[in-house]
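The values are calculated or read from the model by the stated rules, or taken from the named source; none is laboratory data. Just so you know, these numbers come straight off a predicted model, no measurement behind them. When we count neighbours, we look across all protein chains shown, and the Cβ atoms used for this are built from the backbone with ideal geometry, even at glycine. Ligands, DNA and RNA are excluded from the accessible area calculation, which covers all protein heavy atoms including side chains. Shrake-Rupley method; radii C 1.70, N 1.55, O 1.52, S 1.80 Å.
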Amino acid sequence: MVDMDTTTGRKSSGPVIRTSALTRTFTRGKQTVEAVRGLDLEVHDGELVALLGPNGAGKSTTLRMLTTLIAPTSGTAEVAGFDVVRDQRAVRQSIGYVGQGNAAAHQQRGRDEVVSQARAHGLSRSEANRQADELLETFDLTEHAMRPVSTLSGGQRRRLDVAIGLVHQPRLMFLDEPSTGLDPQNRVNLQEQVRRLNRDLGTTIVLTTHYLEEADAIADRVIVIDHGLVIADDTATALKAGLGDLVSLGFARPQDASAAAARAERLDGASVTTTGTSVDIRVPHGRDLAPSLVTDLASTGTPAQRIEVVSATLDDVFLHLTGRSLRESNQTSTDSTTDEGEAA
Ligand SMILES: Nc1ncnc2c1ncn2[C@@H]1O[C@H](COP(=O)(O)OP(=O)(O)OP(=O)(O)O)[C@@H](O)[C@H]1O
């Protein structure tokens with residue numbers, strides 16, 4: 001049941017984001033690109049959600065519709081209880097958004113940039129100063145606050161961007177590829193700050209990423225997007241557990257491998273591949289099942305000479321769902337975006 005606040009017209013319960021059959025197409029010359037194709041999505045207060053997918057999957061387009069930067073082609077989206085087409089202003093006031101690339105002006109000092117953004121959001125000078133100091137502290141930027149933005153490292157600048165996105169204390173924050181281009185140390189540092197923002201302040205966060213490790217490490221929920229469609233939506237743990245572990249066995253003779261494969265086929269949910277003297281078994285809870293399987297095989301005269309158990313990764317999940325590796329899709333993608341077809 002959704003209650004309506006009659007003074008603001010804002011819904012006071014229900015998901016903070018709700019989309020229904022949301023689509024966005026772009027026209028490139030004679031070509032039509034269906035960037036987002038029928039997205040049905042609900043995000044609840046306090047969640048940290050990662051939209052994960054290869055380059056060109058439709059992640060940024062989704063975020064740009066949810067933040068009112070571009071209009072949907074069809075379907076509906078409500079953010080913080082407001083319609084992204086009809087109530088653009090209210091949506092914008094309710095959210096923070098950090099797009100790709102750096103927002104901060106390069107010659108300004110970091111602190112001045114945060115203060116002026118806070119002032120632009122209507123805070124008084126003293127409130128803006130206080131807010132800036134708090135945010136700089138939160139993002140470990142206090143000691144760099146008086147330096148021109150152009151002299152900050154990539155990681156510091158990205159953290160400054162996130163701080164600026166928070167000046168008006170939104171309950172809902174959108175981050176478009178926050179850690180792309182950062183070195184591993186700065187990436188981990190930024191991820192920690194994002195996690196802290198969600199955990200300590202309860203800010204709902206929706207971020208896009210094509211880093212598997214990032215989605216796995218920080219998100220409560222991972223929404224995997226490919227070719228404009230949601231192909232999986234769950235916790236990273238559940239997505240990986242659903243696929244199961246890979247139990248790899250090696251035998252002395254091909255006939256032993258065949259016998260072991262026949263035995264493994266009887267395991268619930270197992271998918272078995274035999275190559276010469278090797279047997280690969282993808283099976284839920286493989287790590288737990290492996291010892292008894294190996295004992296069983298030894299007792300029936302087909303002892304394994306090699307055993308390896310590898311837990312599933314999100315890349316395995318993506319590979320299973322699409323037949324492609326997300327890592328390789330990211331590396332080989334030459335897809336590029338143009339400004340053609342942009343909505344006001
Ligand atoms: N303004 C635009 N004009 C034309 N095509 C566009 C535009 N914006 C996006 N596209 C196309 O829509 C598809 C989805 O792009 P989008 O940027 O949403 O993907 P993404 O998943 O965010 O990728 P990345 O990780 O590279 O940012 C791509 O094929 C892209 O080229």
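Given points 7 Å out from each Cα along the Cα-Cβ axis, report the residue 285 to residue 25 separation in nanometres with one decimal.
Those two pseudo-labels are separated by 4.8 nm.
Longest span of the chain, sites excluded, free of trypsin sites (Lys or Arg not before Pro) in DSSP loop with at most 12 other C-beta atoms within 10 Å?
Answer from the scan: 87-265.
If the only charges are +1 at each Lys and Arg Cβ and -1 at each Asp and Glu Cβ, what is the size of the charge dipole of the range 17-236 around the Cα centre, to the nearest 20 debye?
840
If you stretched the chain out fully between residue 213 and residue 241, how much longer would it get, using 0.36 nm times the residue separation minus the C-alpha to C-alpha distance?
Length gained, residue 213 through residue 241: 8.5 nm.
Across every pair of different alpha-carbon atoms, what Kirkwood hydrodynamic radius in Å does the range 17-236 reach? Can you show the working numbers first?
Working: mean 1/r = 0.0564 Å⁻¹.
This gives a value of 17.7 Å.
Could you pull out the longest piece of the chain with no exposed loop GluC sites (Glu not before Pro) in it, calling a site exposed if DSSP puts it outside H, G, I, E, B and it has at most 15 other Cβ atoms within 10 Å?
Numbers: sites that count: 340, 342.
Longest gap between qualifying sites, sites excluded: 1-339.
Just need the relative contact order of the range 205-308 here, percent rounded to a whole number, with Cα pairs under 8 Å and 6+ apart.
Over the range 205-308, the number comes to 25 percent.
How high is the FRET efficiency between residue 200 and residue 273 when r is their beta carbon distance and R₀ equals 45 Å, given to the nearest 0.05?
It comes to 0.45.
Quick one: ranking 146, 65 by accessible area, 1.4 Å probe, largest first, what do you get?
146, 65
Calculate for the chain the 222 nm mean residue ellipticity that helices alone would give, adding -39,500 (n - 2.57) per DSSP H run of length 4 or more and normalising by residue count, nearest 500 deg cm²/dmol.
After summing the helix terms and dividing by residue count, I get -11000 deg cm²/dmol.
Taking 0.36 nm per residue of sequence separation and subtracting the Cα-Cα distance, how much length would be gained by fully extending the chain between residue 127 and residue 107, in nm to one decimal?
Working: separation 20, 0.36 × 20 = 7.20 nm, distance 2.34 nm.
So the extension gain works out to 4.9 nm.
Please get the size of the charge dipole for the range 230-339, origin at its Cα centre, with Cβ charges of +1 on Lys and Arg and -1 on Asp and Glu, quoted in debye to the nearest 20.
For this selection, approximately 480 debye.
I need to check one value: relative contact order of the chain, counting alpha carbon pairs closer than 8 Å and at least 6 residues apart, in percent. Kindly include the intermediate steps, with their values, before the conclusion.
Values: 664 pairs, mean separation 64.1, N = 344.
It comes to 19 percent, rounded to a whole number.
Say each of residue 231 and residue 85 gets a label point 7 Å from the Cα, pointing the same way as Cα to Cβ; how far apart are those two points in nm?
Label-label distance for residue 231 and residue 85, simple model: 2.9 nm.
Determine the share of the range 17-236's accessible area contributed by carbon and sulfur atoms, expressed in whole percent, with a 1.4 angstrom probe. Write down the numbers at each step before the final one.
Details: 4330 of 9350 Å².
Roughly 46 percent, rounded to a whole number.
Would you tell me the accessible area of residue 168, worked out with a 1.4 angstrom probe on the heavy atoms of the protein chains, in Å² to the nearest 10?
Probe radius 1.4 Å; accessible area of residue 168 about 40 Å².
In the range 17-236, with Lys and Arg counted as +1 and Asp and Glu as -1 at Cβ, which of these residues, 149, 58, 107, has the Cα nearest the positive end of the dipole, that is, farthest along it?
Comparing the listed Cα positions along the dipole, 107 ranks first.
Between residue 325 and residue 298, how many nm apart are label points set 7 Å from Cα along the C-beta direction?
Result for the modelled spin labels: 3.3 nm.
Note the full-extension length gain between residue 137 and residue 185 as 0.36 nm times their separation in residues minus their Cα-Cα distance, in nm to one decimal.
Numbers: separation 48, 0.36 × 48 = 17.28 nm, distance 1.91 nm.
Taking 0.36 nm per residue and subtracting the Cα distance, the gain is 15.4 nm.
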